[in-house]
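Beneath this line is the structure, given in structure tokens, with notes to follow.
Just so it is clear, none of the values below were taken in a lab; they were calculated from the coordinates. No experiment lies behind these values; they were computed from the predicted model shown.
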Amino acid sequence: MDEDVYRTPKSDLTNQIEKKGSAVKAVFIATVVDVTATIFVGIVISIVYGMILASNGDSIEVITSKLSTMELTSKFSLVALASGCLITTFAGYLCAKLVNHSEYKIVAVFAIIVIAFGLAMGLSYYSVGENILLSLLTLCCVYLGAWLYVSRKQRLLQHLNDS
């Protein structure tokens, strides 16, 4: 008997780690979250910008024209871009968390879908260079979210192994 009978037994804490999830479900849920949240935030930002323009005395035609020809580097575009990056990063994190295995491979599928959707929506609005830049930014945000989850999971596993 090599164990100390007066010491509490070590617990198996590995059951606290979440189980593997469905890749299809993870990609679907993350895509729905990303697309709907991005569209919703875009609408809210457009409404706020339209209200600001209206309060300055601009007509509906001028407001519509300014909203449809907004440059990527304008203040409101940058706000929309920053909020879209946060949403996409969260969606990448969510996808990795839901699948909980082969995170980077599954997130790659999610990234392809989101980039394709972004290109389909922005192809007539942005230049080729802007579309490439936005696609790369989307890819970085998706993988940042996945990396945040994977690093959190690794820290949890290390903590459980140390216990």
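Tell me which DSSP H helices of the chain clear both cut-offs, 30 Å or more of axial length from alpha-carbon atoms and a mean Kyte-Doolittle hydropathy of at least -1.0. Helices meeting the span and hydropathy rule in the chain are 23-55, 75-99, 128-162.
Only Cα pairs under 8 Å and at least 6 apart count here; give the relative contact order of the chain as a rounded whole percent. Write out the running numbers ahead of the final one.
Details: 136 pairs, mean separation 49.6, N = 163.
After rounding, I find 30 percent.
Lysine pair count for the chain with Cα-Cα distance under 30 Å and sequence separation of 8 or more or different chains is 17. Find the centroid of the Cα atoms in the range 31-85 and in the range 118-163, then give the distance between the two in whole Å. That distance is 23 Å.
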